[in-house]
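Student: Sending over a structure as structure tokens; questions will come in a sec.
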Amino acid sequence: MQAIDLHCDTLYKSVMNGLPLDSKSMEMQLADSPLFSRRLQCCAIWIPDNLSGSQAEALFHKSYDKLKNECKRLNIHLAEKNESAASSFNNNKISVCLTVENASALNGKIESVRKFAQCGVKIMTLTWNDSNEVGDGADIKDGRGITRFGKNVVEEMEKNSIVVDVSHASDRLFFSVAEIATRPFIATHSNSRGVTPHRRNLTDEQFRIIRDNKGIVGLNFHNAFLCNDPSKADICDLLRHTDHFLALNGENTLSLGSDFDGCDLANGIENSFSLYNIYELFLRHNYSEELVNKIFYKNALKFFENFDNH
């Protein structure tokens, strides 16, 4: 089995709790396993909304240093500044790619985008749930569109080959990005609002826009995004969201965005080794092996290959 997971918060958990990245308490397990022949894990530096700009910037650098040191200690490949996520996946059994969740980490400085790229950042989620200098997150009612600074950030991200991620964006911010983006953008960890009407999920229109722009959408394992009653959310709820997106011609758009170590997982999903159970569940649901492999890694790999050559 091969897998590309677009999002986890394990790095934040590691930094804030002083834990090694391979701690057994983590849901995202980087340990070598016969279950995986090859895998790429996108590790997000999550920036909470209550941090000041300088605190957010400091947390980025602290987390980046921790990730570098841990990958070196564990002998796990960390994608470098001039290395694409696709080549990192193709050339290593286990590799990690750095992402940022919440552009408040820029501390209002446009030059920080280029500095992030030099640190190897491949994806940046524009907001978390509240507002920042770029725009509004999903928790803001009647959220505004993108700010002038936000437009500059998107332009600079595209120039520096950092993928724009609209998970957590307000609807207005989403559509603003769709209007100005010149390269494909993605939702790393969002499900279907048509199946579970949560503000963090994507509407059918939003999914179609990402699909038509050759972006990808990562299925999220968070119970509240999978089921109207989070306490009853089950691994099988992934099928409802996957079926819905497939009905929207999303065969070449769907990917994985687990949200390990950053959410309350649905029943039947414990950690990254549960990906094998999800793989088998999809096959039992009569998805072809080719389709399951598209969801697990081929769509994400093709996206990164095309993005890097755009």
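Student: Just to be sure before I move on: is Glu158 without any contact (Cβ under 8 Å) to a residue 24 or more places away in the chain and in a helix (DSSP H, G or I) in the structure I sent?
Tutor: no
Student: I've got another one for you. Tell me, yes or no, whether the stretch 220-230 has at least one residue that is touching an Asp or Glu at 6+ places or on another chain (Cβ under 6 Å) and aliphatic (A, V, I, L, M).
Tutor: Yes, the stretch 220-230 contains a residue that is touching an Asp or Glu at 6+ places or on another chain (Cβ under 6 Å) and aliphatic (A, V, I, L, M).
Student: Quick check on Asn299: is it closer than 23 Å to Asn129 by Cβ and crowded, with 20+ Cβ neighbours inside 10 Å?
Tutor: no
Student: Check Leu51, Leu78 and return the single one that is modelled with pLDDT of 95 or more and closer than 23 Å to Ser161 by Cβ.
Tutor: Leu78
Student: Hey, can you tell me all the residues within the stretch 20-39 that are farther than 15 Å from Ile76 by Cα and either surrounded by 15 or more Cβ atoms within 10 Å (Cβ to Cβ) or touching a residue at least 40 places away in the same chain (Cβ under 8 Å) (or both)?
Tutor: The answer is Met26, Glu27, Leu35.
Student: So is Ile269 touching a helix residue (DSSP H, G or I) at 6+ places or on another chain (Cβ under 9 Å), under 26 Å from Pro20 (Cα atoms) and in contact (Cβ under 8 Å) with a residue 24 or more places away in the chain or not?
Tutor: Answer is yes for this residue.
Student: Right, next: Suppose we filter Ile123, Ile146 for residues that are at pLDDT 95 or above and either closer than 21 Å to Ala86 by Cβ or in a helix (DSSP H, G or I) (or both); which single one remains?
Tutor: Ile123
Student: When you look at Asn69, is it assigned to a loop (DSSP other than H, G, I, E, B) and without any contact (Cβ under 8 Å) to a residue 40 or more places away in the chain, yes or no?
Tutor: no
Student: Another one. For residues in the stretch 96-151 being hydroxyl-bearing (Ser, Thr, Tyr) and buried (at least 24 other Cβ atoms within 10 Å of the Cβ), which is nearest to His168 (Cα to Cα)?
Tutor: For the stretch 96-151, the residue satisfying everything is Thr127.
Student: Mind listing just one residue for me: the one in the stretch 157-192 that is of a type in the set (D, E, K, R) and closer than 29 Å to Leu265 by Cα and, of those, farthest from the chain's Cα centre (by Cα)?
Tutor: Residues of the stretch 157-192 that are of a type in the set (D, E, K, R), as a first pass: 158-159, 165, 171-172, 179, 183.
The next check asks that each one be closer than 29 Å to Leu265 by Cα; those that pass are 165, 171-172.
Values: Asp165: 7, Asp171: 18, Arg172: 20 Å.
Across the stretch 157-192, the extreme among qualifying residues is Arg172.
Student: Residues in the stretch 107-129: is at least one hydroxyl-bearing (Ser, Thr, Tyr), more than 23 Å from Arg211 (Cβ to Cβ) and in contact with a Leu (Cβ under 6 Å, 6 or more places away or on another chain)?
Tutor: Yes.
Student: Which of the residues belonging to the stretch 72-120 are in a helix (DSSP H, G or I), farther than 26 Å from Phe36 by Cβ and charged (D, E, K, R)? So that I can check it myself, show each step before the final result.
Tutor: Start the filter on the stretch 72-120 by keeping residues that are in a helix (DSSP H, G or I), which leaves 72-74, 85-91, 103-106, 111-118.
With the extra rule that they be farther than 26 Å from Phe36 by Cβ, the set shrinks to 103-106, 111-118.
Matches in the stretch 72-120: Glu111, Arg114, Lys115.
Student: Residues of the stretch 209-218 being under 18 Å from the mean Cα position of the chain (by Cα) and not in a loop (DSSP other than H, G, I, E, B), which ones?
Tutor: Ile209, Ile210, Arg211, Val217, Gly218
Student: Exactly one of these conditions fails for His198: (1) touching a strand residue (DSSP E or B) at 6+ places or on another chain (Cβ under 7 Å); (2) not in a helix (DSSP H, G or I). Give me its number.
Tutor: Answer for His198: the failing condition is (1).
The values are calculated or read from the model by the stated rules, or taken from the named source; none is laboratory data. Small disclaimer: the values here were computed from a predicted structure and weren't measured. Using ideal geometry, Cβ is built from the backbone for each residue, glycine included, and neighbour counts are taken over all protein chains shown.
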